[in-house]
Amino acid sequence: MKMKTIMTVQGPVCPEQLGFCQCHEHLAISRGASWEKNPVLLIDDPEKSTRDAARLLKSGGRTVVDAQPGGCNRVEHDLLTISQKTGLNIIASTGFHKLCFYPEHHWLYTASPDELCRIFTHELTVGMYSSIDTDFPSGYSYIRAGIVKSALDRENLTSIYQKLFTAAAGAALASDVPLMVHIEQDSDPVSLFSFLKELGVHPKRMIFCHMDRAIPDLDIHKKLLSEGIFLEYDTIGRFKYHSDLREIEIFQSMIAEGFEDQLLFSLDTTRARLKSYDPKAIGLDYLLTTFVPLMKDHGITRQQIEKISHHNFVKVFTDDHE
Ligand SMILES: [Zn+2]
């Protein structure tokens with residue numbers, strides 16, 4: 001049987017080339033609606049981002065997912081440049097983010113579910129569209145996305161979000177890639193899980209992100225993990241939310257319940273957490289320099305860390321499901 005590959009901005013790579021993986025980062029965000037909402041959502045200097053990427057590689061990192069979807073200030077050409085200059089594997093995202101990150105009258109609002117599904121699938125199978133922060137997709141490059149990113153906002157499954165999730169699920173199914181979801185504070189991830197499962201997305205292709213900061217009730221985490229999905233935790237080095245020791249407790253709690261094969265981690269970087277933009281920032285290599293040693297100090301084993309940083313990532317992309 002042919003080994004399944006994972007699509008990066010430089011082309012397909014084999015699972016064994018992925019190494020240490022960070023499943024939800026940001027290395028390029030252009031100036032637009034995201035920045036207007038929050039000034040740290042601007043990562044516009046590819047030379048600086050390249051320096052952070054190089055630092056990550058030097059610390060032992062190998063692969064990141066860039067979680068900025070098209071139409072929402074994604075800069076796929078910068079991702080390609082950063083990857084070419086450093087050798088870091090970068091997996092780009094198609095899909096959609098919270099609607100507050102798009103200008104009024106954006107095509108995402110008016111396109112039909114079928115149109116959206118075709119657009120997302122095209123980005124995964126042919127190439128990502130250019131200039132789609134404002135214009136309806138037409139011109140594209142041959143740089144391909146490798147994952148579908150989506151977002152559950154606190155308004156939950158209103159009709160427009162149902163349309164967007166239906167299109168995102170269709171594209172993830174058609175291209176057999178994971179569907180990654182931003183989970184917002186006070187949203188209902190359990191209802192979303194049922195909705196996506198109903199659409200045919202296999203639980204083992206779903207990654208729910210940020211639940212460590214968005215959903216304080218850990219029983220909800222366990223309920224979803226027991227359904228088979230992956231949780232990506234990234235409230236690490238984000239002390240306005242909680243300490244790294246609290247984060248370790250959350251990992252330990254899930255591991256104690258037997259879910260070590262379904263956990264992933266990352267930093268969800270912004271301009272404020274990349275060292276090349278702010279010398280006082282934690283930096284893209286904080287997991288390797290600081291958090292992984294802390295996990296080891298608190299009894300999380302090397303084997304468990306290898307699952308969280310590599311094997312689980314490979315599984316969510318490549319395991320076969322019927
Ligand atoms: Zn993010």
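Computed from the coordinates by the stated procedures, all read-outs in this text should not be read as laboratory data. Bear in mind that the values here come from a model prediction, so they are computed numbers and not experimental data. Quick reminder, even Gly has a Cβ in these numbers, built from the backbone with ideal geometry, and neighbours come from all protein chains shown.
Pairs from the list Lys58/Lys222; Lys223/Lys275; Lys149/Lys275; Lys98/Lys280 with a Cα-Cα gap above 31 Å: Lys58/Lys222; Lys223/Lys275.
Charged side chains reduced to their Cβ positions (Lys and Arg at +1, Asp and Glu at -1) give the chain a dipole of some 740 debye around its Cα centre.
Charges were assigned to the Cβ only: +1 to each Lys and Arg, -1 to each Asp and Glu. The resulting dipole of region 151-216 about its Cα centre is roughly 220 debye.
Helices in the chain, meaning DSSP H runs of at least 4 residues, each add -39500 (n - 2.57). Divided by all residues, the mean residue ellipticity at 222 nm is -10500 deg cm²/dmol. With neighbours defined as other Cβ atoms within 10 Å of a residue's Cβ, the residues Glu104, Glu260 order from fewest to most as Glu104, Glu260.
Couplings 3J(HN,Hα) of region 292-301, computed from phi: 4, x, 5, 4, 4, 4, 9, x, 6, 7 Hz, in residue order, whole Hz [Karplus 6.51 cos²θ - 1.76 cosθ + 1.60, θ = phi - 60°; x for Gly and Pro]. In the chain, Cα pairs under 8 Å separated by at least six residues give a relative contact order of 19 percent.
Residues His106, His311, arranged from fewest to most other Cβ atoms within 10 angstrom of their Cβ, appear as His311, His106. A cut-off of 5 Å between modelled amide H atoms, ignoring neighbours fewer than 5 places along the same chain, links Gly95 with Gly70, Lys149. Sorted ascending by nearby beta carbons within 10 Å, beginning with the fewest, Ser194, Ser59, Ser187, Ser49 become Ser194, Ser59, Ser187, Ser49. Here the convex hull built on the C-alpha positions of region 6-318 has a volume of 114 cubic angstrom per residue. 3J(HN,Hα) along region 130-135: 9, 6, 9, 5, 10, 8 Hz, from the Karplus curve 6.51 cos²θ - 1.76 cosθ + 1.60 with θ = phi - 60°, whole Hz, x for Gly and Pro. Fraction of C-alpha pairs exceeding 26 angstrom in region 2-148: 22 percent, rounded to a whole number. Contact order, relative form, for region 249-322: 33 percent (alpha carbon pairs under 8 Å, 6 or more residues apart, mean separation divided by residue count). The residue list Gln22, Ile229, Gly283 was ranked by how far each Cα lies along the charge dipole of the chain toward its positive end, using unit charges on Cβ atoms, and Gly283 comes out on top.
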